[in-house]
Structures are given as structure tokens and as C-alpha cells.
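Here's the structure we're looking at; comments come further down.
The values are calculated or read from the model by the stated rules, or taken from the named source; none is laboratory data. All of these numbers come straight from a predicted model, not from anything done at the bench. Here the Cβ is made from the backbone with ideal geometry for all residues, glycine too, and neighbour counts use every protein chain on show. Heavy atoms of the whole protein, side chains included, go into the accessibility calculation; ligands, DNA and RNA do not. Shrake-Rupley method; radii C 1.70, N 1.55, O 1.52, S 1.80 Å.
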Amino acid sequence: VMILSGCTQPKPETTPTPAPAPTPAVAAEKKPFALACYPAGGFHPLRSSNRINLSLFPLLYQGLFSVDGQFRAKEELCQSYTVSEDGLVWTFLLRPALFSDGSPLTGAEAAASLEQARRSSRYEGRLKDVTKVTGSEDSVTVTLRRPNAALPVLLDVPVFKETEDPQRPLGTGRYYLAGE
């Protein structure tokens, strides 16, 4: 063993490679992004009936949940939730989120959106068992007429904040409406 180890070439001395100097983070540049839309059709997620505008709403508005490819609820604006023992009262804790004007999402605004949705022709069928929606600072409480374990899947309803322009409410989505 001693003979073999003596026959190998000596290991070259290694010099530690200096760590690269950190590069300053580059701020993300905001650039306008345009998609085809129909402004005359309005952008209100409950009242617009224009198909092109409806296809853009998931970019502008988020719900408490979205529905994945396997038809399972995926938390969006909802951070967590609890259900009463009788299955009639659901309380949804909201994650921190901002509307496109920079104002924070509150439980009252989320509740107002759900309350309007349950009275709209677009969502009244899926929310027919909802008897009451209330909001606090960071949560929304939904009371049902009868238990429904699938309620989160039904709550992919867009949450919005009304503005002076009734056809252009604010959303919490990744994009916002700019210009005309």
C-alpha cells in the first residue's frame, strides 16, 4: 500500500475561488401590456356580458378560491378557513392583498362582493343556499341554509371594490385596467 500511494502524482494545491460579488437587485420595470377588449361592454365582473371581457376577468379579479384542473378549490384571497360543527357557518381568513389602487382588501369589501354576487343572475344559482355574508377587518363569514362541504369550490366569485365608474371596479389580480 505504501508503494502504491507513493507512485501517485501529488495533488495540486487548490486555491479557494473567491465568492462572486453580489449584484444589486434590479427593480422590475412596469410596462404596459395590452389585450383585446371591448370597453363599451364594461368590466364589472357581475354585470358585463361581453365574452372577450369575461375572459380577461381572471387577470383582473381574484376570488376567495380558484378551481384547479381537478375541480378542487385552491386558496386565492383566502388564507385559511373554519367551519362550524353543524356545517352552516364558514369563516374565511383573508390573506393580505391590495387592490390595484394600492388600498388593502378588507373583509367588508369581500363580503360586499359576495353579497352582490349572490343577488346577481350570474352567481345566484351557485350561491342559493347562502343566507348571509358578513365581513370584519380580515375575515368573511358565510352562513348557509343547509350544510355544503363543496362551498369553497363555489367561492371562485370575483372580489372587487366599487369605484366612481360603475363599469370599472378595482380588483386584486395580477393586472389592472389602465387608460380607455
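Here's the yes/no breakdown for (1) in contact with a Lys or Arg (Cβ under 7 Å, 6 or more places away or on another chain); (2) not β-branched (Val, Ile, Thr):
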site	(1), (2)
Leu127	yes, yes
Val130	yes, no
Ser136	no, yes
Ser139	no, yes
Pro152	no, yes
Leu155	no, yes
Lys161	no, yes
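Does region 146-161 contain at least one residue that is closer than 27 Å to Cys37 by Cβ and β-branched (Val, Ile, Thr)?
Yes, region 146-161 contains at least one residue that is closer than 27 Å to Cys37 by Cβ and β-branched (Val, Ile, Thr).
Could you please give the count of residues in region 132-180 that are over 19 Å from the mean Cα position of the chain (by Cα), farther than 24 Å from Lys74 by Cβ and outside any strand (DSSP E or B)?
Count: 10.
Of everything in region 138-175 that's touching a Ser or Thr at 6+ places or on another chain (Cβ under 6 Å), surrounded by fewer than 21 Cβ atoms within 10 Å (Cβ to Cβ) and not hydroxyl-bearing (Ser, Thr, Tyr), which residue is nearest to Ser103 (Cα to Cα)?
Asp156
Taking region 115-133 on its own, how many of its residues are in contact (Cβ under 8 Å) with a residue 24 or more places away in the chain and either closer than 14 Å to Val89 by Cβ or open to solvent by 20 Å² or more (accessible area, probe 1.4 Å) (or both)?
Within region 115-133, residues that are in contact (Cβ under 8 Å) with a residue 24 or more places away in the chain and either closer than 14 Å to Val89 by Cβ or open to solvent by 20 Å² or more (accessible area, probe 1.4 Å) (or both) number 4.
Do the conditions hold for Phe71, that is, is it hydrophobic (A, V, I, L, M, F, W, C), closer than 18 Å to Ala149 by Cβ and either under 15 Å from the mean Cα position of the chain (by Cα) or at pLDDT 95 or above (or both)?
On the way: hydrophobic (A, V, I, L, M, F, W, C): yes; closer than 18 Å to Ala149 by Cβ: yes; either under 15 Å from the mean Cα position of the chain (by Cα) or at pLDDT 95 or above (or both): no.
No.
Considering only region 36-85, how many residues are hydrophobic (A, V, I, L, M, F, W, C), in a loop (DSSP other than H, G, I, E, B), within 14 Å of Pro152 (Cβ to Cβ) and open to solvent by 30 Å² or more (accessible area, probe 1.4 Å)? Can you show your working first?
Initially, region 36-85 is screened for residues hydrophobic (A, V, I, L, M, F, W, C), giving 36-37, 40, 43, 46, 52, 54, 56-57, 59-60, 64-65, 67, 71, 73, 77-78, 83.
Filter once more, keeping what is in a loop (DSSP other than H, G, I, E, B): 36-37, 43, 46, 64, 71, 77.
Going one step further and asking which of them are within 14 Å of Pro152 (Cβ to Cβ), we end up with 64, 71, 77.
If we keep only those that are open to solvent by 30 Å² or more (accessible area, probe 1.4 Å) too, we end up with 71.
Final tally of qualifying residues: 1.
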